[in-house]
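The values are calculated or read from the model by the stated rules, or taken from the named source; none is laboratory data. Remember, predicted model here, so these are calculated numbers, not experimental data. Because the Cβ atoms are built from the backbone with ideal geometry, glycine has one as well, and the counts that use them run over all protein chains shown.
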Amino acid sequence: MAQIRIDELERHLRERLTPVWLVAGEELLFIDEACRDIRAAARTAGYSERQVLHAETGCFDWRQLDAAAGNLSLFSERRLIELRLPGGRPGAGGAQALQAYCRAPPADTLLLVVSARLDAQQRRSAWVEALSRAGVVLYIWPVGRRDLPRWITQRLHSRGLTAERAVVELLAERAEGNLSAAAQEVEKLHLLLGEGQVDLATARRAVVDSARYDVFDLSEAVFGGRRTRVARICRGLQEEGAEPTLVLWALARELRVLATLPALVGDARRINELFRQHRVPKHRQSRLRQLAAGATVDAWERLLVRAAGVDRVIKGAAPGRPWDELLQLSFELTALAAAI
């Protein structure tokens, strides 16, 4: 039926709630907000029941989609099936199941397929074409650094705020290209001021008040491949007197997971147990799977050996300055992550 842009979603939802949706792309904030708007429109239209299916690559039984579509509810006449594709590749069986579903979508059922980035081949695949013919495909492209100030200005306006260019530039610098971070800064200003004009002094105070980091911020920035943010967080942690041992622990924890994951491919139970053992939050698990698949086990193990060397420096058993070693290790990890 259609492929639409993110700025067309609101109008499309007002005009018609189609029975099949694919929301995918490269900006998690936009994906989350688009899915939220679709769910809200579905609830308004009477789709009061929601079932979520997680189609993990290699370990999902696609018969669950047929079962969900055919399972009539005693409590709701309309239902929403939300199918999450964290890997972006349903495989041959999944592609066939999605195409079969789209040939005859069940009445009073809305299917929302949510995926991360799809490469060019996937965007042209038969299963994506089938979803497009049966409903709507919304693919979300990243906002470039050059376009970030314009997006921040629009976001401020959506919250009833206006700001001079210096304020927008400050927020863009603070966000370092991260839309979620920029959105959080805008929300903070909205909470502080309500509606109206934002002056530079107020924006600076708000930014300073939030400039506190923890070791998990560093880990997320490192494995997200964000070198500028890594340098800033390392400096902030050092200035705040964070323990180098704790910083190294946060990095080594995820390194151990990355070195172990490839041996567990296809074994969902053991993978989940590995995440539980190392206390990896759910929002980090998809990225770690992607990283583990994108580099060799040897690469992660070499970095684990490097981390062991940093540990010796921290304990005084080897020469060197702990924070210099931590920064260098962080940069090495960041470089590898940025390439995946």
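If the condition is being charged (D, E, K, R), loosely packed, with under 13 Cβ neighbours inside 10 Å and free of Cβ contacts under 8 Å to residues at least 24 places away in the same chain, then region 271-308 contributes E273, R276, K282, D298. Considering every residue within region 319-336, establish whether at least one is on the phi < 0 side of the Ramachandran plot, out of contact with any helix residue (DSSP H, G or I) (no Cβ under 8 Å at 6 or more places or on another chain), surrounded by fewer than 17 Cβ atoms within 10 Å (Cβ to Cβ) and small (G, A, S). No - not one qualifying residue is present in region 319-336. Please tell me if T153 is of a type in the set (S, T, Y), free of Cβ contacts under 8 Å to residues at least 40 places away in the same chain and not in a helix (DSSP H, G or I). The answer is no for T153.
Just one of the numbered conditions (1) surrounded by fewer than 20 Cβ atoms within 10 Å (Cβ to Cβ); (2) at pLDDT 85 or above; (3) over 13 Å from V215 (Cα atoms) is not true of T245: (3). With a requirement of 2 or more residues that are β-branched (V, I, T), the strands (runs of 3 or more DSSP E) lying completely within region 1-107 that satisfy it span 20-25.
May I ask you to say which residue of L161, L118 is in the same structural domain as L189 (by TED's automatic domain parsing) and buried (at least 18 other Cβ atoms within 10 Å of the Cβ)? Lay out the reasoning, then the answer.
Working: L118 fails: in the same structural domain as L189 (by TED's automatic domain parsing).
After ruling out the rest, the residue left standing is L161.
Scanning region 309-332 for residues that are aliphatic (A, V, I, L, M) and either touching a residue at least 12 places away in the same chain (Cβ under 8 Å) or out of contact with any Lys or Arg (no Cβ under 7 Å at 6 or more places or on another chain) (or both) yields V310, V313, I314, A317, L326, L327, L329.
Restricting attention to region 71-101, the residues that are modelled with pLDDT of 85 or more and of a type outside the set (K, R) total 17. Count of region 262-299 residues, restricted to those that are closer than 30 Å to D324 by Cβ and within 22 Å of the chain's Cα centre (by Cα), is 12. Among the residues of region 1-26, the ones that are within 22 Å of the chain's Cα centre (by Cα) and of a type in the set (G, A, S) come to 2 in all. Taken together, the criteria place V313 among residues that are farther than 30 Å from G88 by Cα and surrounded by 14 or more Cβ atoms within 10 Å (Cβ to Cβ).
Quick check on R232: is it touching a residue at least 60 places away in the same chain (Cβ under 8 Å), among the charged types (D, E, K, R), in the same structural domain as L291 (by TED's automatic domain parsing) and closer than 26 Å to Q285 by Cβ? Against the criterion (touching a residue at least 60 places away in the same chain (Cβ under 8 Å), among the charged types (D, E, K, R), in the same structural domain as L291 (by TED's automatic domain parsing) and closer than 26 Å to Q285 by Cβ), R232 does not qualify. Of everything in region 186-220 that's at pLDDT 85 or above and of a type in the set (G, A, S), which residue is farthest from A335 (Cα to Cα)? Going through the qualifying residues, I end up with G196. Of everything in region 121-139 that's part of a helix (DSSP H, G or I) and more than 22 Å from the chain's Cα centre (by Cα), which residue is surrounded by the most Cβ atoms within 10 Å (Cβ to Cβ)? The qualifying residue surrounded by the most Cβ atoms within 10 Å (Cβ to Cβ) is L131.
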